[in-house]
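This report refers to the structure that appears directly beneath it.
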Amino acid sequence: MPVRYLMNAVLVALLFVALSYLTRNILSTYQNKVLMTVGINIILAVSLNVATGYLGQLPLGHAGFMAVGAYTCALFTKFCPLPDGVSFVIGLVLACIVAGLFGVLIGIPALRLTGDYLAILTLGFGEIIRITLNNIDDVLGFKLFYGSKGLKNIPKYSNFTNVFLCVVITCFLIHAMMKSRHGRAVLAIRDNEIAAESCGIQTTYYKVMAFAFSAAFAGLAGGLYACYLGVLDPSTFGFMKSIEFWSWWFWAAWAPCWALSCPRPCLPSCPRRPAALTATAW
């Protein structure tokens, strides 16, 4: 096991060196921005996989958690008097915490539902976030989020190095969680919730934990996105953004089956079915 982790660390370091060389010497500014966008989207897809692939639920409000993280990090970095690097790191941490708290807040009532009902509830949450960001300045009586005009002049702290680092940290933490007893409990709930509960697993606790974990990393991606783009508009985080996240997850989950030419990749009985692709999600 330690040898495998060491080999993975070496491969990640080599990949970072190679991509750093490409971004500094070969790739254009546009190509560098595309590479950063890919990194942010990887974080979003991996975070969605916690709730969809591992937990087996059907959330459609992932863009709402991204919006919460994006605006949290943007407002903190814009008005914080601390040095640039310090404010950016704290902003990303706050984005994770606030998005995770929203995940708990939504997860407690939402995860009592399953299937289509859960999808409708989380979809409503995402739309509530978007509409709130559009109109909250009228309630507050002063300009803070700037509604549909967009929040502008956000410091552009995101670069290839910190995006790559966040991708590695996200993948490692999610992998470590799923290999722990908490992750095994989540997988047991996905496979058979009644059997898991009969074995003493606190299903509500672990479902909310996985949902909050998923939301926190969506908030991290939102913080990177805000400091990459420099401007935020609530309309960016609409329903179609959540569908876009789903399309990334869906293609990533099906790709191994197509590569193996599996004739029936979506069925649980398929021995080569990816672990992240569940019958519930399908």
request  = Taking DSSP loops as anything outside H, G, I, E and B, show the longest stretch in the chain free of trypsin sites (Lys or Arg not before Pro) there with at most 16 other beta carbons within 10 Å.
outcome  = 157-271
task = Find which of Gly200, Leu220, Asn159 sits farthest along the positive direction of the dipole of the chain, computed with +1 on the beta-carbon of Lys and Arg, -1 on that of Asp and Glu, about the Cα centre.
result = Asn159
remark   = Ordered by fewest other Cβ atoms within 10 Å, a rough proxy for footprinting exposure, Ile129, Ile201 read Ile201, Ile129
query = Across 5 Å bins from the origin, how do the percents of Cα pairs in the range 22-144 run, short distances first?
reply = 2, 10, 14, 18, 18, 15, 11, 7, 3, 1, 0
key: Ellipticity estimate at 222 nm from DSSP helix runs (n ≥ 4, -39,500 (n - 2.57)) divided over the chain, nearest 500   = -24500 deg cm²/dmol
key: For q = 0.13, 0.20 Å⁻¹, Debye-computed log10 I/I(0) when each Cα of the range 174-241 counts as one equal scatterer   = -0.53, -0.81
ask   = Using a basic spin-label model with each label point 7 Å from the Cα along Cα→Cβ, how many nm lie between Asn8 and His175?
value = 0.2 nm
Qualifying chymotrypsin sites (Phe, Trp or Tyr not before Pro) for the range 57-162 [loop in DSSP, other Cβ within 10 Å: at most 12] = Phe142
query = Which helices count as membrane-span-like in the chain under these terms: full DSSP H, at least 27 Å along the axis by C-alpha, Kyte-Doolittle mean of -0.5 or more?
reply = 2-25, 29-49, 84-110, 115-140, 160-179, 203-229, 239-259
query = Among Lys149/Lys241; Lys207/Lys241; Lys143/Lys207; Lys33/Lys152, which pairs are too far apart, with a Cα-Cα distance over 29 Å?
reply = Lys143/Lys207
note = With bins of 10 Å, the percent of all Cα-Cα pairs of the chain per bin from 0 is 7, 27, 34, 23, 8, 1
request  = Would you mind ranking Leu92, Leu118, Leu111, Leu224 so that the residue whose beta carbon has the fewest other beta carbons within 10 Å leads the list?
outcome  = Leu118, Leu111, Leu92, Leu224
task = Compute the separation of the alpha-carbon centres of the range 80-127 and the range 1-74 and state it in Å as a whole number.
result = 18 Å
ask   = Using 0.36 nm per residue, how much length does the chain from Thr37 to Phe79 gain when fully extended, once their Cα-Cα distance is taken away?
value = 12.6 nm
request  = Taking the Cβ of Ile40 as the centre, find all other residues whose Cβ is under 13 Å away and add up their charges (Lys, Arg: +1; Asp, Glu: -1).
outcome  = +1
query = Quick one: putting +1 on the C-beta of Lys and Arg, -1 on the C-beta of Asp and Glu, what dipole do you get for the range 26-246 around its Cα centre, in Debye to the nearest 20?
reply = 340 debye
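Bear in mind that the values in this text are calculations on the coordinates, not laboratory data. None of these values were measured; they are calculated from a predicted model. A quick note on method: Cβ atoms are made from the backbone with ideal geometry, for glycine too, and the neighbour counts reach across all protein chains shown.
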